[in-house]
Amino acid sequence: MEYRTFGNSGLKVSTIGFGTWPIGGTATADGYGGVDDDEAIAAIRRGIELGITCYDTAPAYGLGRAETILGKALGADRRNVVVVTKCGIPWSEAENKFLRNSSYDHIMQSAEESLRCLGTDYIDVLLIHWPDVGTPIAETMRSLEDLKSSGKVRHIGVSNFSTAQIEESLTYTQLAVQQIGYNLFDRRREAELTWLRERNVGVMAYGPLAHGLLAGAFTPETTFGEKDWRASGKAFGLPIFEAANFQKNLAVVEQLKVIARTHDKTVAQLALAWVLRRPEVTVGLIGARKPSEIEASAQTAGWTLDEPTLARIGDAMQGAAGNG
């Protein structure tokens with residue numbers, strides 16, 4: 001396994017991180033389809049055996065379900081790994097959706113609930129899940145700093161913040177992490193990677209497999225159940241799953257599979273190696289529900305893509321549709 005450090009935090013983590021969104025799902029706990037708890041726990045345990053030390057979760061993933069499963073799976077190994085969780089998007093039963101609330105009181109309450117679900121007395125890294133423009137950043141950062149001062153949180157960071165929001169946040173505190181979506185089909189934040197490194201902010205890249213598109217298992221006949229969030233056709237605003245685009249993108253994935261096979265790798269491993277080619281990316285997050293899934297991802301560690309391979313990947317991506 002390969003390891004990198006989050007900015008100037010001194011916190012060293014595996015470049016491959018275990019993402020628990022597929023385990024927890026959305027508010028209805030089935031946003032990625034059904035999950036077997038025992039199998040999910042086995043996947044997390046296998047990740048530990050493979051040297052994966054970064055585990056990413058959030059209260060929003062199944063309304064505490066992912067945090068609870070992760071806590072059970074870690075057990076005595078809790079002290080040997082880095083747990084990243086989030087706060088700031090509570091679920092509203094009345095409105096049937098997630099809201100944004102980064103107020104001082106909510107963050108303090110959310111952190112306590114995460115500690116309970118995880119079965120731990122500290123969080124290694126706490127992130128604001130999505131920016132809340134209705135709450136002053138000064139108030140939000142004060143809550144994170146107070147949690148850090150209390151010892152309940154070791155390091156703090158943000159997720160999906162704009163550069164302007166990060167700049168303002170840095171006037172109040174040091175951020176260890178920014179978490180952003182980044183993959184071959186979504187390069188919208190790529191220009192910010194060097195900017196973040198210059199400010200000593202580590203990067204966690206979520207969705208390196210384009211939310212399943214680059215996993216290599218989809219076919220032209222693939223459909224998504226109505227409770228699967230991908231059924232909307234969009235992935236964080238990009239229409240890569242919309243019918244016409246989906247078919248074009250599957251053709252691109254087939255080309256990427258051919259490139260991967262020349263290295264005796266899978267397209268998923270190729271996609272993850274592409275994300276990790278950037279030294280600014282501390283961690284590439286891979287969602288897994290089964291031991292076999294995390295085993296396959298772990299085989300990417302240490303693989304560096306050469307220039308001819310990167311050029312072939314670039315050529316293949318010219319046929320992508322709905323990407324950014």
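Step by step: first the residues of the range 120-129, then only those that are in contact with a helix residue (DSSP H, G or I) (Cβ under 9 Å, 6 or more places away or on another chain), touching a residue at least 40 places away in the same chain (Cβ under 8 Å) and under 24 Å from Ala76 (Cβ atoms), then the one that is surrounded by the most Cβ atoms within 10 Å (Cβ to Cβ). Which residue is that?
Leu126
What pairs can you find where one residue is in the range 165-188 and without any contact (Cβ under 8 Å) to a residue 24 or more places away in the chain, the other is open to solvent by less than 10 Å² (accessible area, probe 1.4 Å) and not basic (Lys, Arg), and their Cβ atoms are less than 7 Å apart, with a gap of 6+ or different chains?
none
Is it the case that some residue within the range 219-228 is more than 19 Å from Cys54 (Cα to Cα), buried (at least 16 other Cβ atoms within 10 Å of the Cβ), without any contact (Cβ under 8 Å) to a residue 40 or more places away in the chain and not polar (S, T, N, Q)?
Within the range 219-228, one or more residues are more than 19 Å from Cys54 (Cα to Cα), buried (at least 16 other Cβ atoms within 10 Å of the Cβ), without any contact (Cβ under 8 Å) to a residue 40 or more places away in the chain and not polar (S, T, N, Q).
Could you tell me which of the residues Ser159, Ser149 is among the polar types (S, T, N, Q) and touching a residue at least 40 places away in the same chain (Cβ under 8 Å)?
On inspection, the qualifying residue turns out to be Ser159.
Return the residues of the range 285-316 that are touching a residue at least 60 places away in the same chain (Cβ under 8 Å) and among the hydroxyl-bearing types (Ser, Thr, Tyr); say none if nothing qualifies.
The answer is Ser297, Thr300.
The values are calculated or read from the model by the stated rules, or taken from the named source; none is laboratory data. Remember, it's a predicted structure, so these values are computed and weren't measured experimentally. Quick reminder, even Gly has a Cβ in these numbers, built from the backbone with ideal geometry, and neighbours come from all protein chains shown. Please note that ligands, DNA and RNA were not included when accessible areas were found on the heavy atoms of the full protein model with its side chains. Shrake-Rupley method; radii C 1.70, N 1.55, O 1.52, S 1.80 Å.
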